Amino acid sequence: MYRGQSYQRRDLEEVDTKKMQLPACVKNSRGARPTDPPHLKEEEDGGVQYVTLISFRGGGRMLPAYVKPDLQVPEPGGAQAAD
């Protein structure tokens, strides 16, 4: 929730084409409304329009509190746990 609007987390896959190369992306967005300014609307496949709150791309540091439970989080500094 942000400013009375509900945003959904969307995990987008990596794009690797001749025209464009983008790493995987995590994006929080909501469906666009007719009252939203045109410069905020993004059109996805199928003609659906979204308004993005924030997006994260690349291999930045992952905070354990915000990672999906099925993902493994690397230890900070690349340290491995000793057995």
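The table below gives the values:
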read-out: Every residue from region 55-65 that is open to solvent by 70 Å² or more (accessible area, probe 1.4 Å) and within 20 Å of Gln5 (Cα to Cα); value: Phe56
read-out: Yes/no for Tyr50 being open to solvent by less than 100 Å² (accessible area, probe 1.4 Å), among the aromatic types (Phe, Trp, Tyr) and modelled with pLDDT of 75 or more; value: yes
read-out: Residue count for region 1-41, restricted to those that are polar (S, T, N, Q) and in a strand (DSSP E or B); value: 5
read-out: Residues of region 1-47 that turn out to be within 20 Å of Val67 (Cα to Cα), of a type in the set (Gly, Ala, Ser) and open to solvent by less than 50 Å² (accessible area, probe 1.4 Å), as a count; value: 1
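The values are calculated or read from the model by the stated rules, or taken from the named source; none is laboratory data. Note that this is a predicted model, so its numbers are computed, not measured. For accessibility, only protein heavy atoms count, side chains too; no ligands or nucleic acids. Shrake-Rupley method; radii C 1.70, N 1.55, O 1.52, S 1.80 Å.
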